[in-house]
1. Taking amide hydrogens as modeled 1.01 Å from N in the peptide plane, which residues meet the under 5 Å criterion relative to LYS152, leaving out close sequence neighbours?
2. All other residues with a Cβ under 13 Å from the Cβ of ALA246 taken together, and with Lys, Arg as +1 and Asp, Glu as -1, what is their net charge?
3. Treat the count of other C-beta atoms within 10 Å as a stand-in for reagent exposure and order MET1, MET101, MET67, MET57 from fewest to most.
4. Name the residues whose placed amide hydrogens come within less than 5 Å of the amide hydrogen of ALA108, ignoring near sequence neighbours (fewer than 5 apart) on the same chain.
5. Label-point separation (nm) for LEU229 and ARG49, each offset 7 Å from Cα along Cα-to-Cβ?
6. If you count the DSSP beta bridges with both ends in region 159-316, what percent of them are antiparallel, to the nearest 5?
7. Rounded to the nearest Å, what's the spacing between the alpha carbon centres of region 216-264 and region 32-74? Just the number, please.
8. Taking the mean number of other Cβ atoms within 10 Å as a proxy for protection, how do you rank 76-88, 123-135 from highest to lowest?
Amino acid sequence: MKSLDVCGVCNGIVDIFSDISEGDFGGLGFEKGTMRLVQAEEQKDLLNRVGAKSPIMRSGGSVANSMITIAQLGGKSAVCCNLADDEYGRFYRDECLSLGMKVPVPLAKAGATGTCVVLVTPDAERTMRTALGASVELAPHHIDSQVVADSKWLFVEGYVFSNSDAGRDAIKESVRVAKESGTKIAITCSDAWIVHGFGAHLNEALEHAHLIFANEEESSALAGASDILTAGRTLKDRFPHVVLTAGPRGAYIWWEGEELHVPAFPCEPRDVTGAGDTFAGSFLYGITRGLKPQDAAHRACFLARHVIAQVGARLTGDVKALWHNVG
């Protein structure tokens, strides 16, 4: 009997949120809505420029956000990531532990914990600059075999494919343990540039996947298709289960030969950060509780609607009540 619902292999990143006016954002010269990797000094300069002296901090990273959602819902989750023994690493570890999660990897004595500055403009777009820090040193020895084996699902973050050979080897190790222990494997593409730039490594891992998550752009890149339905109908022949998200158009699912569409809940978005992460975590929580995929996706869409109606990548308030009182 497995004691954990999902173990995530992911980048451990502390999210640092900052509201910014259109005028100030324009002065930075960034392309809106993008995510770019930067060095630590660039990150420090950015924080100084946007005036984030007392920023809002949250433990994060894409798959880590999903694991946090599972914990908020009352599930059992874990993260295998690399955190440094610094202010941000201790913050990350302690916050996850306070949520009831497992963080089995000891803090690294060298390096700096990764950070992601999230600039939120008035149109609810978020522009991210990420300094990976210790995350880029993720390696096979950071994979806790017992935690993976004790989990019903392993959830692999696509961004890790871009880290280094060591990071890709960490994914291989987690997949190996999962296969040997009967743990099912889910993979999120994370971003279309992962598909384009690291497709060979991604596809190698996807050969073992029971479930893939992707948005419209990622699925089109993965399938070589021009629209989400064509992409999904192509991908369903490669993977047992396919879950594709399409923002305000909801989610498209191919599950055990059945094609499903689950509509989104309308809302006025304030910050779209974390919508896909919340959806994936909620969906995984639902299927580990025995829900049918359309029911799990319906509830996941509801929670995603709530996370984009607020600022920040993590749900606030009574998350369990949201799950049980879905419209």
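1. The answer is LEU4, ASP5, VAL6.
2. Residues near ALA246 contribute -3 overall.
3. Ranked by crowding around the Cβ, least crowded first: MET1, MET57, MET101, MET67.
4. LEU83, ALA84, ASP85
5. So the label points at LEU229 and ARG49 sit 4.3 nm apart.
6. Counting DSSP beta bridges with both partners in region 159-316, the antiparallel share is about 55 percent.
7. That distance is 28 Å.
8. Listed from highest to lowest mean packing, they are 76-88, 123-135.
Just so you know, all these numbers are worked out from the coordinates, no wet-lab data involved. As the structure is a prediction and not an experimental result, all values here were calculated from the model. No Cβ is skipped: glycine too gets one built from the backbone with ideal geometry, and neighbour counts run over all protein chains shown.
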